[in-house]
1. Pick from 201, 247: which is of a type in the set (A, V, I, L, M, F, W, C) and under 20 Å from the mean Cα position of the chain (by Cα)?
2. Taking the stated definitions as given, is residue 50 small (Gly, Ala, Ser) and over 21 Å from residue 94 (Cβ atoms)?
3. Mind checking which residues of the range 96-116 are at pLDDT below 90 and β-branched (Val, Ile, Thr)?
4. Being within 17 Å of the chain's Cα centre (by Cα) and either hydroxyl-bearing (Ser, Thr, Tyr) or surrounded by fewer than 18 Cβ atoms within 10 Å (Cβ to Cβ) (or both) is the filter here, so list the residues in the range 141-153 that pass it.
5. Which of the residues that make up the range 105-140 are more than 22 Å from residue 87 (Cβ to Cβ) and either open to solvent by 20 Å² or more (accessible area, probe 1.4 Å) or over 19 Å from the mean Cα position of the chain (by Cα) (or both)?
6. Can you go through 249, 236 and tell me which one is touching a residue at least 24 places away in the same chain (Cβ under 8 Å), surrounded by 16 or more Cβ atoms within 10 Å (Cβ to Cβ) and either of a type in the set (D, E, K, R) or within 21 Å of residue 99 (Cβ to Cβ) (or both)?
7. Can you tell me which residue among 225, 189 is touching a Lys or Arg at 6+ places or on another chain (Cβ under 9 Å) and closer than 25 Å to residue 281 by Cβ?
8. Within the range 154-228, considering only helices (runs of 4 or more DSSP H) that don't extend past its boundaries, which have at least 1 residues that are farther than 24 Å from residue 135 by Cβ and open to solvent by less than 60 Å² (accessible area, probe 1.4 Å)?
Amino acid sequence: MIYTVTFNPAVDYVVHTDGFGADGIARAKKESIFFGGKGINVSRVLHELGVPSVAMGFAAGFTGAAIEQGLREAGLDTRFIHLDSGFSRINVKIKADRETELNGRGPEIDKRHLDMLLESIDTLEDGDTIVLAGSIPAGVDADIYERILMRLKGRDIRTAVDASGQLLLNVLPCRPWLIKPNDAELAALFGRESITPEEAAGYAAKLQEKGARNVLVSMAEKGALLLDEQGGVHRAAAHRGTPVNSAGAGDSMLAGFIAGISRGYDHALRLGTAAGGATAFSEGLASREDIERLMGIRS
């Protein structure tokens, strides 16, 4: 089974308007609500691809109840820890002449509820995969992903981490099966403002030297790069299309990669790239139909 963990899930409120500025009133032309968070996004795209998973994490208040109900109605299996206070965050995404995002803070997670999640993770079985994705809310130490990987050490469980900064660096000594930075996050880890696709391979190799077994780098319109644990370097060009949604493309790529890994690295990278592209060209997350269409173009 595949398990995804989202510490800070969200209700994403997406509003389209003709113009948006600091003063005055903007009128919505179109609005949508999505239930997300990076791990949840991975589970949703896996579901589209017919791959079962369990979405784990924390839910609080009326927004947490809405997230959990919405995911279950969509056919996802959930296993959330319910917090006693606060509410799961609301992210406002404004699409006008440019895209503006206001992301909520999220509830605080106390030690008792955190221990409940860790005990739930302890029930994973050999052969399972766990995906740790996204930011950490207030009250949780930046070594939490490292602690989870240490609890799973020595077991036959694939660990995938999609995080940035110190949160990612902390897990490298635990030798995660897969990490998935994007090119901007990869550059920031080494004090660079940006890197080229050619430079990305060198920096990804440095992360392997620090302990990561496989490194998947998403690079938007520049495609994707994979350094596998056998020493192989794989590249995939980006699909052509009109980008309408940057949110969730990297999560979709990760889901596609995990869904396709049983057929080898090249197939997994192709499926991941197709899933990421399908999300980038859609209002929400990728549909199976759009993913398969892009896979057919590449076939």
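The values are calculated or read from the model by the stated rules, or taken from the named source; none is laboratory data. These figures come from a predicted structure and were not determined experimentally. So basically every Cβ, Gly included, is an ideal-geometry build from the backbone, and we count neighbours across all protein chains shown. Ligands, DNA and RNA are stripped out before the accessible areas are found, and what is left, the full protein with its side chains, is counted by its heavy atoms. Shrake-Rupley method; radii C 1.70, N 1.55, O 1.52, S 1.80 Å.
1. So the residue among 201, 247 that is of a type in the set (A, V, I, L, M, F, W, C) and under 20 Å from the mean Cα position of the chain (by Cα) is 247.
2. Here the answer is yes, as residue 50 does meet what is asked.
3. If the condition is that a residue be at pLDDT below 90 and β-branched (Val, Ile, Thr), then 100 is the only one that fits.
4. Of everything in the range 141-153, just one residue is within 17 Å of the chain's Cα centre (by Cα) and either hydroxyl-bearing (Ser, Thr, Tyr) or surrounded by fewer than 18 Cβ atoms within 10 Å (Cβ to Cβ) (or both), namely 145.
5. 118, 119, 122, 123, 124, 125, 126, 127
6. 249
7. Exactly one of 225, 189 is touching a Lys or Arg at 6+ places or on another chain (Cβ under 9 Å) and closer than 25 Å to residue 281 by Cβ, namely 225.
8. Per the criteria, 197-209.
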